[in-house]
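**Student:** Dumping the structure here so I can ask a few things about it.
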Amino acid sequence: MTIAPPSATAARPVTTMLRRRIAVAAVGVALLALLGLASLFVGSGGLAPPDVWRALQRDDGSTTALLVRDFRVPRTLIAIVVGVALGLAGAIIQAITRNPLADPGILGVNAGAYAAVVVAAALFGSSLSAGHVLLALAGALLASLIVYGIGTTGSAGGTPTKLVLTGTALGAVLSGVSYAVTLTMPEVFDKIRFWSAGSLQNRQFDTLWVTLPFIAVGVLIALALPRALNALALGDDAAVALGARPGITKFAGIVSVTLLCGAATAAAGPIAFVGLMVPHALRSIVGPDQRWILPLSLLAAPILLLTADMAGRVVVSNELPAGVVTAFIGAPVLIALTRRKGARGL
């Protein structure tokens, strides 16, 4: 019997995992392309596929061309961009807090964006528009600055626990303010009710162009962090010993999460479970290496959001918001993942 050298035996699991990661990435690219195309053909109005295809090829001024080019195309692109933002934000916040079940909303970003939109609707009395998207972004940025400012004070600095507690407390306060305004001013709630449920309905190119630069910057920052986040997973002291800078890594991560989650919330409203479920599910499949978790989250999250959006269009005649569908999908899947014996931590 021939015994394999120790080095060959040790290398075999790595090769198997690498093949699995490449396969997951390839399947993700194919699924994203397929669902992105399918999203253009699914929706209300009873448009026949040949008519949709002709409308995509040229704008003949027809109602079909208007629906496809001005509504379905931007809606699909926004679903992809928002999915990318939520997936990356979830992966980063879980790595920074070293909590595999952390959600981007724990920094108060969603609550800040929501409160800004509510206050704007109450003061200006207009419906949601690109201007309100900018206000939502401003609210998200302000909330994150407050959380980071409070959470990093003291001799211990910005520990994950302090940041989470500060974000949770600020989020509760801002949510209370928002609920108080909408309960006392029902007309405000009527203006934002679809947005507050996490809806992609009636989103057009103006929303995409306003939020895209913020998401692009957030993505660039996120994709520069995987090695530092891998070191951070070992603890701050070990990260320093490996040459990483935990303080800078956490600050850059929070900036990225704020830009990504703030812009995504501004564009589509608060959508739950995407940023929480996708990175956690991926760790169960491809392991905890952030060099793979972040790029694969960039693929998997828009797949989930596109699926939820298309399901919401066909389940009921009036459409279910994507945020409602992701909650229906995410809750049982997340419960199943957390109960698995092989579920991975960070």
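**Student:** In a helix (DSSP H, G or I) and within 16 Å of Ala120 (Cβ to Cβ): which single residue out of Val188, Val164 fits that description?
**Tutor:** The unique qualifying residue is Val188.
**Student:** Residues of segment 38-52 being within 19 Å of Asn202 (Cβ to Cβ) and without any contact (Cβ under 8 Å) to a residue 40 or more places away in the chain, which ones?
**Tutor:** Leu40, Phe41, Gly45, Gly46, Leu47, Val52
**Student:** Only one residue in Gly139, Gly149, Gly198, Gly176 is in a helix (DSSP H, G or I) and buried (at least 22 other Cβ atoms within 10 Å of the Cβ). Which one?
**Tutor:** Gly139
**Student:** Can you find, within segment 221-235, the residue that is surrounded by the fewest Cβ atoms within 10 Å (Cβ to Cβ) among those that are under 16 Å from Ala89 (Cα atoms) and touching a Leu at 6+ places or on another chain (Cβ under 6 Å)?
**Tutor:** Out of the qualifying residues, it is Pro226.
**Student:** Which residue pairs have Cβ atoms closer than 6 Å, lie 6 or more positions apart in sequence or on different chains, and pair a first residue in segment 53-76 that is farther than 18 Å from Met310 by Cα and free of Cβ contacts under 8 Å to residues at least 24 places away in the same chain with a second residue that is β-branched (Val, Ile, Thr) and in a helix (DSSP H, G or I)?
**Tutor:** Final answer for the pair search is Ala55/Thr64; Ala55/Val68.
**Student:** Follow-up. Mind counting the residues in segment 179-191 that are within 28 Å of Ile150 (Cβ to Cβ) and either touching a Phe, Trp or Tyr at 6+ places or on another chain (Cβ under 9 Å) or loosely packed, with under 14 Cβ neighbours inside 10 Å (or both)?
**Tutor:** Count: 4.
**Student:** Something else: Could you look through segment 11-60, keep only residues that are at pLDDT 90 or above and touching an Asp or Glu at 6+ places or on another chain (Cβ under 9 Å), and pick out the one that is nearest to Val315 (Cα to Cα)?
**Tutor:** Top of the filtered list is Ser39.
**Student:** Right, here's the next one. Considering only residues that are of a type in the set (A, V, I, L, M, F, W, C), at pLDDT 85 or above and over 18 Å from Pro104 (Cβ atoms), which ones fall in segment 304-319?
**Tutor:** Listed by number, the residues that qualify are Leu306, Met310, Ala311.
**Student:** Additional query: Quick one: in segment 201-220, which of the residues that are part of a loop (DSSP other than H, G, I, E, B) and surrounded by fewer than 17 Cβ atoms within 10 Å (Cβ to Cβ) is modelled with the lowest pLDDT?
**Tutor:** Filtering segment 201-220 for residues that are part of a loop (DSSP other than H, G, I, E, B) and surrounded by fewer than 17 Cβ atoms within 10 Å (Cβ to Cβ), the one modelled with the lowest pLDDT comes out as Asn202.
The values are calculated or read from the model by the stated rules, or taken from the named source; none is laboratory data. Note that the structure is a prediction, hence the values are computed from the model and not measured. A quick note on method: Cβ atoms are made from the backbone with ideal geometry, for glycine too, and the neighbour counts reach across all protein chains shown.
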